[in-house]
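Accompanying notes for the structure given below.
The values are calculated or read from the model by the stated rules, or taken from the named source; none is laboratory data. Since the model is a prediction, treat every value here as computed from it, not as a measurement. Cβ sites come from the backbone with ideal geometry, for glycine too, and all protein chains shown count toward neighbours. Side chains are part of the model used for accessible areas, which takes the heavy atoms of the whole protein and leaves out ligands, DNA and RNA. Shrake-Rupley method; radii C 1.70, N 1.55, O 1.52, S 1.80 Å.
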Amino acid sequence: MKAIVIYFSRADENYFGGKMRYIDKGNTEIAAEYVRDICGADLFKVERKKPYAKDYMTCIREAQDEQARGERPELKAELPSIDGYDVVFIGSPIYWGTMPQPMFTELEKLDFKGKTVMPFTTHEGSGLAGVVSDVRKIAVGADVKSGLAITGSEVAKSKEQIRKWIENNL
Ligand SMILES: Cc1cc2nc3c(=O)[nH]c(=O)nc-3n(C[C@H](O)[C@H](O)[C@H](O)COP(=O)(O)O)c2cc1C
């Protein structure tokens with residue numbers, strides 16, 4: 001079984017238990033690295049060519065406007081294909097109820113036919129929100145498994161939860 005994790009994650013300023021603070025590594029990236037540690041998956045980080053603002057409140061507005069306009073922002077680098085992978089983990093923070101728009105830019109370019117897809121989110125209350133249903137729309141012909149939602153501010157202690165989810169679904 002060859003697996004890849006395609007994920008988006010933003011460091012910089014974020015909201016943790018009622019307080020804003022700057023971090024070096026985003027929550028979803030921590031979860032993506034746990035998936036890699038558990039099943040040896042490759043990692044591909046989706047990055048917006050022009051990154052979102054470092055301060056949280058500006059980023060919130062940028063992401064909301066971009067989503068309202070249905071934009072597919074340009075990426076720093078694109079993963080052209082998932083040929084050669086059996087399992088595709090899709091890791092995403094929740095931005096306004098679904099994935100950040102750069103994830104749509106990347107995922108819509110890929111051919112998911114015959115793949116097993118494992119979606120996971122990090123969030124601050126919305127759980128999986130619309131992610132599984134949006135992934136199902138994009139990943140035509142794939143077997144999309146039940147998703148895993150991880151509270152972003154508690155991601156550091158989520159490794160066993162991730163391990164169980166993988167064992168139960170693959
Ligand atoms: C632009 C933006 C929009 C967000 N929208 C939601 C939301 O709708 N629901 C939610 O539970 N959390 C929301 N969050 C919180 C993030 O999903 C959460 O902090 C996540 O763990 C961030 O992942 P990252 O550190 O990998 O980028 C939002 C955060 C940002 C920056």
Out of Gly114, Gly91, sole residue that is open to solvent by less than 30 Å² (accessible area, probe 1.4 Å) and of a type in the set (Gly, Ala, Ser)
Gly91
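For the range 129-155, how many residues meet the condition of being in a loop (DSSP other than H, G, I, E, B), within 21 Å of Glu33 (Cα to Cα) and open to solvent by 50 Å² or more (accessible area, probe 1.4 Å)? Let's see the steps before the verdict.
To start, the set of residues in the range 129-155 that are in a loop (DSSP other than H, G, I, E, B) comprises 129-130, 139-142, 145-147.
Checking the rest, the ones that are also within 21 Å of Glu33 (Cα to Cα) come to 145-147.
Next, from what is left, pick out any that are open to solvent by 50 Å² or more (accessible area, probe 1.4 Å): 145-146.
Summing the residues that are in a loop (DSSP other than H, G, I, E, B), within 21 Å of Glu33 (Cα to Cα) and open to solvent by 50 Å² or more (accessible area, probe 1.4 Å) in the range 129-155 gives 2.
Would you call Met1 part of a strand (DSSP E or B), in contact with an Asp or Glu (Cβ under 7 Å, 6 or more places away or on another chain), more than 10 Å from the ligand (Cβ to nearest atom) and open to solvent by 30 Å² or more (accessible area, probe 1.4 Å)? Steps first, answer last, please.
Working: part of a strand (DSSP E or B): no; in contact with an Asp or Glu (Cβ under 7 Å, 6 or more places away or on another chain): yes; more than 10 Å from the ligand (Cβ to nearest atom): yes; open to solvent by 30 Å² or more (accessible area, probe 1.4 Å): yes.
No: the conditions fail for Met1.
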Looking only at residues that are open to solvent by 30 Å² or more (accessible area, probe 1.4 Å), free of Cβ contacts under 8 Å to residues at least 60 places away in the same chain and more than 12 Å from the chain's Cα centre (by Cα) in the range 117-128, which one is farthest from Gly17 (Cα to Cα)?
Ser126
I'd like to know if the range 104-115 contains one or more residues that are within 11 Å of the ligand (Cβ to nearest atom) and either modelled with pLDDT of 95 or more or within 19 Å of Glu29 (Cα to Cα) (or both).
no
Among the strands (runs of 3 or more DSSP E) confined wholly to the range 7-46, which include 1 or more residues that are β-branched (Val, Ile, Thr)?
19-23
Given the conditions (1) more than 8 Å from the ligand (Cβ to nearest atom); (2) assigned to a strand (DSSP E or B), report the number of the one that Pro51 does not fulfil.
(2)
